[in-house]
Amino acid sequence: MSAPAATPAVAAPAGEPTAVTPAPLLAVQGARKLFALKAAGRLLPWGRAARTPMLHAVDGVDLTIGHGESVGLVGESGCGKSTLVRLITRTLDPTSGTLRFLGEDIAGIAARDFARAPQRKLIQMVFQDPTDSLNPRYAARDTIAEPLRLLAGLSGAELDARVNEVADQVQLPRALLARYPHQLSGGQKARVGIARAIALSPRLLILDEPTAALDVSVQAVILHLLADLKEQLGMSYLFVSHDLNIVRLLCDRVLVMYLGRIVESGPAQQVFASPRHPYTRALLSAIPGLGGAAGQRIRLEGDPVSPIDPDPHRCRFHGRCPKGRDECTRSAPQLAELAPGHSVACLFPESA
C-alpha cells in the first residue's frame, strides 16, 4: 500500500513565533447543489420563457473535519444530508463551492473522473444496509478484494494477505470469507462492508446509518468496533445518523442540517447539553433521555418551507419556529459563533 499523503500545514504570519497548524483533513466552503426541475414550458406575458425552477438541495454549506476527528451530521429526512455526502465522495458534481481534501480542491475534478483520482481511495463509505450494498454473487473475500484490485492494483499472494489482514481487523473469522451474503448474519455482513471500506487505508470514512438495519445487541458490537478501528487506524469519521444518542456517544462535533443549510455546529457534548438553535432543541426533545422522557417535547407546527427557489432573505425555519418574529421574514440568519467552536444560524438563539 502507498504511504498516506502528507498533512498540509499553515505557518504562522511573518514576525510571529514560528508555529505550524495542521490544515483540516476536509474543508468544505460554500458548497451548493441545485437541481433544475422540469420547465413549465410557458411564456411570461412579455414574451420571455419562464425561469426554470431550481431545487436547493445543499445551499451554502461550510464544514471542516480534522485529522482523527469524528463529526456527526444530523437532521430530518430531506434536509440534504445524502446530497452533501455525495458531493464529498464526489459521486455528484457541486453547483459551486470548494471541497478541499488534504489541502487540494477536489471540487474541480468531475465526478466521472474521480474514480481515477488519487484521492478516491482515501475517501471511503460504509452504507446503511449491508445486505443491499453487497453483491450477492460475490463471496465475502471477493467483496473485500475488489477495491484492492481496482484501486491499489494488488493481486496474488499480496492481495490474499491484505484481505486476511483486514478481515482480522474487523474481527471477521477467515472461515467466513468463502461465504456469500445470504450465508452471513446481519452483523457479519456489516463487518464485510466495513472491511471493504477500510481495505485501502482511507483517511476519511463516511458512515451512513451503519447500524440502522441491525438488531440492538449487534449495533452495540459494531459501534464498539468502529470506535476501536478509528483509534487503531487514525481515520476521521463523518457519521450520518438519525440516532442522536449514537452521535452523542461517538462524535467529537455535531452539525445540524435543515433544508440544505447548517443551522448549528459545535462540540457534541455542548450542543446536546445546551442547544442554541430552536430546531436543534426541538430535534433533541423528541429523543427519550434527551428531553422527551421528561415531558419537554417540543412539537413544531406548520409545514417546512419549500426547497424550490426559497426566498434568500427569509429564515427557512420561519413558520415552524416557536420563536419566529417578523424580522425572520426579512433577514436570513448566517452562522455566527456564540461560544468557542459553537456556531448558530439564528437571529434569536436560545439562551445557554
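Quick note: the coordinates plus some simple rules give every number you see, no bench work behind them. From a predicted model like this one, the values you see are computed outputs, not experimental measurements. In this analysis, Cβ positions are derived from the backbone assuming ideal geometry, glycine residues included, and neighbour counts consider all displayed protein chains.
Tabulated results
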{"quantity": "Ratio of Rg to Rh over the range 70-251 (Cα coordinates, Kirkwood Rh, two decimals)", "calculated": "0.95"}
{"quantity": "Exposed-site-free run, longest, the chain (rule: trypsin sites (Lys or Arg not before Pro); DSSP loop; at most 16 other C-beta within 10 Å)", "calculated": "180-296"}
{"quantity": "Candidate lysines - alpha carbon under 18 Å from LYS38, same-chain residues fewer than 8 apart omitted", "calculated": "none"}
{"quantity": "Whole-number percent relative contact order across the range 189-262, with pairs defined as alpha carbons under 8 Å at least 6 apart", "calculated": "32"}
{"quantity": "Hydrodynamic radius by Kirkwood, which averages 1/r over all alpha carbon pairs of the chain, in angstrom", "calculated": "22.1"}
{"quantity": "Exposure proxy ranking, count of Cβ atoms within 10 Å, fewest first, for SER241, SER96", "calculated": "SER96, SER241"}
{"quantity": "Relative contact order of the chain, pairs being alpha-carbon contacts under 8 Å that are 6 or more residues apart, as %", "calculated": "18"}
{"quantity": "Net lengthening on full extension, ASP311/GLN334 (0.36 nm per residue, minus Cα-Cα)", "calculated": "6.9 nm"}
{"quantity": "Contour excess over end-to-end distance, with Cα ends at GLN183 and SER77 and 0.36 nm allotted per residue", "calculated": "34.9 nm"}
{"quantity": "Cα-based reach from LYS121 at 17 Å (exclusive), listing aspartates and glutamates while leaving out same-chain residues under 8 positions away", "calculated": "GLU104, ASP105, ASP113, GLU146"}
